[in-house]
Amino acid sequence: MKLSVFLMLFTLMSCGIEIVEPERPIDSRIGNVWEASTSDKFSTNEEGMIEDFCLALADKENYFKDIVVTTNNTFVFDLNEAQCGSETGTKATIEANLELNSGTYEFISMNRAVFRDVITKDSTLVRSICNPTTTATGVRGVVTGNRATRHYFYKKNARFCKSTNDDEICMIVEYAEQLKNGKFKTKDITAIRVLTEKDHAHRGFVLERSILSASKCAEENELYLKEQFFSKIN
């Protein structure tokens, strides 16, 4: 079923629950049916963005190793979350500590809604993109069994990520399930917006991370939404 292009989003507040207000158009890829094709490749512009994107994530890991982990900084995020079929959403400001567990960085917080995993170039979300062997093919979609993903890269893309300048790159990932006819139907979307400014102290930080999911909901016309925005480091 084709879903509406518009989704009711939140205004950031420090606490409480508020009726959702329409704020911005959102990508309507959920519900799309498509064929996996080796001819669907990244554009030249996207290839350049992928290189900057992955290098920025690598630089962030160096920053974490040299400074953050040893100084016990606290990360502050603004979180918006709407349950399936809900016209209201919860808004919260969350503090999280960064920890290194078995070689993997994680955000640890009393609020379980926080995205716990830290996006690095080796994360599952971007591994197929930042791995030179895979990326060299230039193919947008990756099929694994009866599931597939498609990655898109943008700058100043207002349809999902709130990117405002050329020093930020948005990555949108579609997650799809295979139908009986062999085609794929998009069920979920993840989007992240990364700071890529070369001399910025927070280069490689994920400024915005969002999940828009139909698979989490029992009803086909319902969606689950979670958005997390990086605010500051204390």
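A short reminder: the numbers here are calculations on the coordinates, not readings from a lab. Values in this document were obtained by computation on a predicted structure and should not be read as measured data. Here the Cβ is made from the backbone with ideal geometry for all residues, glycine too, and neighbour counts use every protein chain on show.
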Under 5 Å from the placed amide H of Phe205, counting only residues 5+ away or on other chains, we find Leu195
If the chain between Val76 and Ala58 were fully stretched, how many nm would it gain, using 0.36 nm times the residue separation less the Cα-Cα distance? 4.3 nm
For the pair Ser39/Gln178, report the inter-label distance in nm, with labels modelled 7 Å from Cα in the Cβ direction. 2.1 nm
Quick one: what are the phi-derived ³J(HN,Hα) couplings along region 194-205, Karplus 6.51/-1.76/1.60 with θ = phi - 60°, whole Hz, x for glycine and proline? 10, 7, 10, 4, 5, 9, 7, 4, 9, 4, x, 6
If I model a spin label at Lys65 and Asp199 as a point 7 Å from the Cα along the Cα→Cβ vector, what separation in nanometres do I get? 2.5 nm
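Anything over 30 Å Cα to Cα? Flag those among Lys185/Lys232; Lys60/Lys155; Lys183/Lys226, in the order listed.
Exceeds cut-off: Lys185/Lys232.
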Point-to-point label distance, Ser123-Glu47, nm (Cα→Cβ direction, 7 Å offset): 2.6 nm
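Calculate, in nm to one decimal, what Thr137 and Ser215 gain on full extension: separation in residues at 0.36 nm each, minus their alpha carbon distance. Write down the numbers at each step before the final one.
Details: separation 78, 0.36 × 78 = 28.08 nm, distance 2.95 nm.
Computed gain between Thr137 and Ser215 is 25.1 nm.
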